[in-house]
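Asks: Pasting a structure below so you can have a look.
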Amino acid sequence: MFDVARMDPHQHLCFLLEEVARLYSRRFEERAREMPLTLTQCKALAVLANCEGVSQARLAQISEVDPARLVRILDRLEAVGWAERRSDPHDRRAHVLAITESAKPVVERVWEIVRETSTKALMGVSSDELHLLLDVFERVHANLLALEPVAPEPVPACHQWLAHKSLRTVR
């Protein structure tokens with residue numbers, strides 16, 4: 001790990017959050033190997049099970065999964081028969097998402113693995129400490145969501161010209 005004594009609390013928090021997330025994901029995925037799904041795929045399936053009938057865009061918002069990544073996840077879940085895109089009864093151009101009957105035991109297993117992984121990760125943490133931890137993380141999460149997006153790096157003029165030039169020659 002890191003020499004915590006030489007770090008200020010902000011440095012320590014940054015690296016510790018990343019390390020905890022990495023370790024939690026690894027432990028979760030070790031337990032979920034039987035399915036075989038990643039933590040993000042399990043999250044998308046579990047959230048969908050709780051929010052059936054939502055659009056793909058809405059599921060991306062609710063689950064906080066990048067929309068492009070969610071498309072691949074849904075394609076995979078659909079391919080194994082655990083999710084489906086249905087026509088929206090209110091808009092012929094749109095689709096709503098749902099889990100299938102065969103996904104229900106999978107979702108139950110996901111929740112069991114979440115409980116098992118969390119129980120192991122939280123050994124020695126009291127109920128009061130867990131509530132405090134959740135409260136703090138929810139506030140940090142809200143703070144991060146409320147931040148203005150970081151401005152994209154400016155594209156150097158030579159790259160703009162090359163992109164423009166290459167597009168013109170392709171036409």
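The values are calculated or read from the model by the stated rules, or taken from the named source; none is laboratory data. Keep in mind that what you see is a predicted model, and the values were worked out from it rather than measured. Methodologically, a virtual Cβ is constructed for each residue, glycine included, from the backbone with ideal geometry; neighbour enumeration extends over all protein chains shown.
Asks: Among all residue pairs at least 6 apart or on different chains, which show Cβ distances below 7 Å where the first residue, located in the range 67-80, is touching a residue at least 24 places away in the same chain (Cβ under 8 Å) and the second is of a type in the set (Gly, Ala, Ser)?
Replies: Partner pairs satisfying both residue conditions: 70/44; 70/60; 73/44; 74/83; 77/83.
One line per residue, one yes/no per condition, for (1) under 19 Å from the mean Cα position of the chain (by Cα); (2) modelled with pLDDT of 95 or more:
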{"site": "108", "(1), (2)": "yes, yes"}
{"site": "126", "(1), (2)": "no, yes"}
{"site": "130", "(1), (2)": "no, yes"}
{"site": "141", "(1), (2)": "yes, no"}
{"site": "144", "(1), (2)": "yes, no"}
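Asks: Just name the residue that is nearest to residue 106 (Cα to Cα) out of those in the range 39-90 that are under 10 Å from the mean Cα position of the chain (by Cα) and among the hydroxyl-bearing types (Ser, Thr, Tyr).
Replies: 40
Asks: Test residue 36 against the stated conditions and say whether it is without any contact (Cβ under 8 Å) to a residue 60 or more places away in the chain, loosely packed, with under 12 Cβ neighbours inside 10 Å and closer than 20 Å to residue 100 by Cβ.
Replies: Working: without any contact (Cβ under 8 Å) to a residue 60 or more places away in the chain: yes; loosely packed, with under 12 Cβ neighbours inside 10 Å: yes; closer than 20 Å to residue 100 by Cβ: yes.
When the stated conditions are applied, residue 36 passes them.
Asks: If only one of 121, 98, 94 is over 16 Å from the mean Cα position of the chain (by Cα), modelled with pLDDT under 90, surrounded by 12 or more Cβ atoms within 10 Å (Cβ to Cβ) and among the hydrophobic types (A, V, I, L, M, F, W, C), which one is it?
Replies: On the way: 121 fails: modelled with pLDDT under 90; 98 fails: modelled with pLDDT under 90.
Exactly one of 121, 98, 94 is over 16 Å from the mean Cα position of the chain (by Cα), modelled with pLDDT under 90, surrounded by 12 or more Cβ atoms within 10 Å (Cβ to Cβ) and among the hydrophobic types (A, V, I, L, M, F, W, C), namely 94.
Asks: If you don't mind, there's one more thing I want to ask. Report whether or not residue 109 is surrounded by 13 or more Cβ atoms within 10 Å (Cβ to Cβ), without any contact (Cβ under 8 Å) to a residue 40 or more places away in the chain and basic (Lys, Arg). Show your work before the answer.
Replies: Numbers: surrounded by 13 or more Cβ atoms within 10 Å (Cβ to Cβ): yes; without any contact (Cβ under 8 Å) to a residue 40 or more places away in the chain: no; basic (Lys, Arg): yes.
Here the answer is no, as residue 109 does not meet what is asked.
Asks: Cβ-Cβ under 6 Å, sequence separation 6+ or interchain: first residue in the range 44-65 and at positive phi, partner at pLDDT 90 or above and surrounded by 14 or more Cβ atoms within 10 Å (Cβ to Cβ). Which pairs?
Replies: Between residues of the range 44-65 that are at positive phi and residues that are at pLDDT 90 or above and surrounded by 14 or more Cβ atoms within 10 Å (Cβ to Cβ), the close pairs are 53/96.
Asks: Applying the selection to the range 32-61, what residues are over 21 Å from residue 112 (Cα atoms) and assigned to a helix (DSSP H, G or I)? So that I can check it myself, show each step before the final result.
Replies: Pass one, the range 32-61, residues over 21 Å from residue 112 (Cα atoms): 53-61.
56, 57, 58, 59, 60, 61, listed by residue number.
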